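Read the structure below first, then the notes.
The values are calculated or read from the model by the stated rules, or taken from the named source; none is laboratory data. None of these values were measured; they are calculated from a predicted model. Here Cβ is always computed from backbone atoms with ideal geometry, including for glycine, and neighbour counts include all displayed protein chains.
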């Protein structure tokens with residue numbers, strides 16, 4: 001297949017609407033369109049940007065093609081812009097797509113220092129340790145009972 005046939009095949013998998021141009025072909029687990037061009041898998045929005053802008057190589061992984069519309073299957077060139085990792089992260093932050101710092105533990109108690117990446121507050125950690133010790137102590141006592149029981153059986157033989 002020559003390049004024109006591949007590009008024609010590409011456009012058969014696009015549903016153009018007034019807002020976004022939706023990729024209807026195969027997608028990856030994140031919802032981005034995937035297209036094989038000259039034996040190489042390329043994300044459809046990267047291919048679309050390259051086809052219209054002709055500004056960068058589709059294999060260059062230092063540059064990102066970001067979406068203005070936040071629709072991963074959109075390939076409309078007006079909705080795409082070129083940026084590096086920093087620009088991509090800033091765009092995600094501006095759109096509120098980055099994870100927020102935790103202010104409460106899993107039990108709903110307020111964390112003293114939300115900057116630290118911890119899952120439990122101090123009270124929860126103490127409770128978990130106490131439960132672990134209690135469960136561990138029960139296991140040790142059970143092993144001791146079983147051992148004593150087996151020793152007394154052997155003595156009685």
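Odds and ends about this structure:
- Qualifying residue in segment 101-113 (condition: part of a strand (DSSP E or B) and at pLDDT 85 or above): no
- Unique residue being in the same structural domain as residue 50 (by TED's automatic domain parsing), at pLDDT 75 or above and exposed (fewer than 13 other Cβ atoms within 10 Å of the Cβ) when the list is 131, 142, 86, 123: 86
- Every condition in (1) in a helix (DSSP H, G or I); (2) surrounded by 14 or more Cβ atoms within 10 Å (Cβ to Cβ); (3) without any contact (Cβ under 8 Å) to a residue 40 or more places away in the chain holds for residue 8 except the one numbered (2).
- In segment 69-83, the residue that is surrounded by the most Cβ atoms within 10 Å (Cβ to Cβ) out of those that are assigned to a loop (DSSP other than H, G, I, E, B) and in contact with a strand residue (DSSP E or B) (Cβ under 6 Å, 6 or more places away or on another chain) is 75.
- Check on residue 39, more than 21 Å from the chain's Cα centre (by Cα), under 19 Å from residue 6 (Cα atoms) and without any contact (Cβ under 8 Å) to a residue 12 or more places away in the chain: yes
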